[in-house]
1. What number, rounded to the nearest 500 deg cm²/dmol, is the helix-based mean residue ellipticity at 222 nm of chain B, given -39500 (n - 2.57) per DSSP H run of at least four residues and division by all its residues?
2. Cα convex hull of region A:192-237: mean projected area in nm², to one decimal?
3. Taking region A:206-269, how much of its Cα-Cα pair set, in percent, is spaced more than 15 angstrom apart?
4. Sort out for me the Cα centre separation of region B:356-395 from region A:123-153, rounded to whole Å.
5. Under the definition of Cα pairs under 8 Å and six or more residues apart, what whole-number percent is the relative contact order of region B:272-417?
6. I'd like to compare C:225-234, A:221-230, B:261-270: which one has the highest average count of other Cβ atoms within 10 Å, and what's the full order after that?
7. Give, as a single signed number, the net charge of other residues whose beta carbon lies under 14 Å from the beta carbon of A:TYR228, with Lys and Arg counted +1 and Asp and Glu -1.
8. Express in whole angstrom the spacing between the alpha-carbon centres of region B:251-301 and region A:16-81.
Amino acid sequence: MSIPSVVRGGVFVAVLVTLPMLGLQHWFLNLLVFVLMYATMSSSWNLVGGFAGYPSLGHAGFFGIGAYTLALIFKDQVLATGYEPFLLLPLVGLVGALVGWPIALISMRTRADVFAIVTITFLFVVQTLAFNLHSLTGGSQGTALPIPPFSAAGFELPFYYVMVGLLVFTMGLTFATMRSKLGLSLVSIRADEDKARGVGVRVIGVKVLAFSVSVGITSMVGAVWAYYESFIYPQFAVDPLITIAMVLMTFLGGRGTLWGPVLGAVILESGQQLLTYQLGAVQLYLIAYALIFLVIILLLPRGILPTIEDRLRLRRRRRRTAAAAALPGGPPSSNVADAASMLGRGAT
Amino acid sequence: MHQSNRLWRRGGVALVVAAMALTLGACASSSNNAGASASPSAGKPLVIGASISLTGDFADSGKAVKRGYELWASQVNAKGGVLGRKVTMKLVDDASSPTQVVSNYQNLINRDKVDLVFGPFSSLLTVPASQVAKRYGYSFLEPAGGGPKVFAQKLDNLFFVQPAPVVKSGDVFADWILSLPADQRPKTAAYTELDDPFASPIAENVRVRFEAAGIKTVYKQIYPAETQDFSAIMAKVVTANPEVLVGGTQNEDAYAQVKTLVQLKFNPKFAFFSNGANSPLEFPTKVGTQNTQGIMSAGDWFPGSTAAGSADFTAAYIKANGGSADTIDNSSAEAYACGQILQAVAAKTGKIDNATIIATLHQGTWPTVLGDLSWGPDGAPSGTFNLIQWQGGKLLPVFPDAVAKAKAIYPKPNWGG
Amino acid sequence: MHALVQGVILGILTGGVYALMASGQTLIFGIMKVVNLAQGAMVIMAAYLAYQLFTTFGVDPFLAIPITTILMFGLGVGVELLFLRPLRREDKSELSLLVTFAVALLIEGVLSVTWGTTYRSINAGYANSSWTLGRYQITVVRFWAFVLSLVALGLLFWLLNRTRFGRAVRATVQNPESARLLGVEAQWVSALGFGLGAATAAAAGSVYGLLYPFTPGSHYDLISRLLSIVVLGGLGSVGGAVVAGVIVSTSSAVVAATISPAWSEMTFFIVLILVLLIRPRGLFGSVNRGAI
């Protein structure tokens, strides 16, 4: 199972890396940059919301923290090569993770809905602070980042490759988690937290770790976004709609799967950008978002990938049962296969 | 069959994603020659692209901008277009989002290859969008991005289409106050400022000038955008008892401040609100017509203006959209002015490409419905706004004298008429 | 000192409205263990309805309350039946949050399409009048809003304590299994309970529209404040929500009056964090319900 996985991953990365060399237009690269941003954020949200089963509604707060951290570091500076912000990304990620640590400690001692309340409140706190701490953030006047000194011809490329790197990192992390004891712990927490604790899983430690990593990655994406836009305002850097987008994409593709969030991001982000552009005065994007969300939760609660998998597994089992019923020994037990696939759900 | 199922299930997603990307990418690189040709464009339509907020927080003003652009396009086409070319506006929605606005201008410029672009609504979206335009050498006439950060970028391709940078809205009021004889000027001042890029800087500019002239600041408060309750703030204003109240406001908070002052029964001798009080229809509706008398504000276009093309603009607007001169949003006039400037450049130079526009507009003055406009090297216009005052339920310009239609009333009469 | 007292007066008067909004939210949680993130949106929707009734038919917002209450009650029941009931039990806790958030967005979207994003407010003739009590001003609108909130809360208490439906609700809140054993139809209680929560939002909405300008996006501010109040009061305790509503609203007004308006927003959040750190079950929440 692992060799084909590595091959698949390798093909994916190779495609992403070589894509720009096909002479793609600027507007398409621009679209890809945003899609990659959301794919990375959805994948990182997946760690907490998908695997651990704790729906965080405040990730956008960390997106904003990442954006403003980068803005602060590079305040009023002129860049030499333009790559400096990228080199400092890990520092931004660390800041995000460090802020997330105590938040997780306070809020994850309780159940999922209180966790959601705390995270959504955190989001609004960050936004309020962004507005009020003028000396740090510029308040409602916004704050500028240094203009990237890249040539117009290749402007999007550095951002593109950095985002590819972040996405691969996040997916690699997810992949490794799924295969490790940590991953099993997370899934067991999601299935039944009390039992998990009874069995000896270090519930709090695991949850807090997942949250910190998740928000650290989100902060890094926020920083790249800020650098790309060159100017940020509190209401855009800390926007509840960013969280909703991440959650929706993960749900659409399939929570707790490796490729689900990426699929969700590709479909929704490119769809949204292109539809908003093509259809002009379509005043219904908020309604469309909400309806898609409701439809997914009610009709396709596990998301696209797991649903497809389930259907295929069902069909395979039927065929196998039919075939085995013809054998003298009777139908084989499928429990082991089912259990394994439940844990490795989406382990494509 | 077993094989293909496994392929679909396991590797399928990765391949699907990659395939989608490749196909879209192929379309993207081959659409290179679908757009404008390299030959001279006489007779070809002149396509002007702009991203406007048709949904989201800026939607109402965005729609007013759209009406302005479209009105100009139909007017100019009725007269034969620009240099014989028919004008086509390609307007797209950015949902009031800076992410979308960047993508929109990328698409307009690089995918649809429009000839020219106009700016979006709001400084918040103008800054990222102007960077995209700059990268590809497009001129950027924009009707609604006038905050200081816009000009701090020092872009030579950007032109803010209003008489002056937004922070100067209060300066015309300061000019007027300081032009009064010394014994009639106010001695004390209070400043209530919205924490917003366009509100508090205006009031701060006024404060600096007033303090330099010896007008004492007895109270100053900057309040956040979510403030809904002004009782506490205005109560402190009343206690401080200023002779002039300078409000650096947007619309809602201006209405709330006036209503609260009425409730508290406090009447300053001079009252200025940078926004809100310049809405010809909304302000009297929200605070009561009888309470508007004597309140001052700043504006560029106003009903009854005699600036270049204003009468035509007003008539055409009413014909296309109904209503009356009082229901015309300033943003429509500002958008219309962008078009007028293009026409003027074409008439003066015989050309209408980006480089010509950028080179030409930095010199001279250009007549529009907003008055005569001219720009400095960073896109900041070098004129002044008009000081307007409510008299008899109507907004009238009272200063500078060149545009004044009435004499200013002062001190401000008491609430209720 | 004057500013402080004026702040306290303001806080108490406004606290009534917040108490009303929060009581509906905490009731829904008590009955269904669902955090209704659409409560704020429902208040705003009711504000728009009252606004429309006022501008088209001249109906005073206070008098519009019976109409909006019935409409919103129906909406609440509909939302529960359509979107919450189909959720499987094991997913309910996680997903109900997202579902109610989606409903909030849906409401916001519909409101922006119907009424646009200009700020609206209900400008009744008495909107600017105020009474003077010694050195303090009491605005007429705020006073009647407070009275109305008291009346509505009184009605709610009567409903919960004196009617069969109310008893069923309280039984379900205290002990769902026993309630079911005793024949209480949990399904009906859920649907009607959600409707009731929406109805309180309706009453609050009319008043909200008189006090403050609103736009479809105003629900974000509201919901963040309501969440703090509900957690402080104790999830599921209506009495707690009332007390907490007044406390938080007063603190916020006092901070605005004495320190700075910029930090009055933070009061709500600071309260929430403190509650979670010191006494997670809130003032009147019970420990054994597994709420916290």
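The values are calculated or read from the model by the stated rules, or taken from the named source; none is laboratory data. Note that this is a predicted model, so its numbers are computed, not measured. Reconstructed Cβ throughout: ideal geometry from the backbone, glycine too, with neighbour counts over all protein chains shown. What goes into the accessible areas is simple: the full protein's heavy atoms, side chains included, and nothing from ligands, DNA or RNA. Shrake-Rupley method; radii C 1.70, N 1.55, O 1.52, S 1.80 Å.
1. Per the formula, -12000 deg cm²/dmol.
2. 4.4
3. 63
4. Using only Cα atoms to place each centre, the spacing works out to 30 Å.
5. 31
6. C:225-234, A:221-230, B:261-270
7. -1
8. 44
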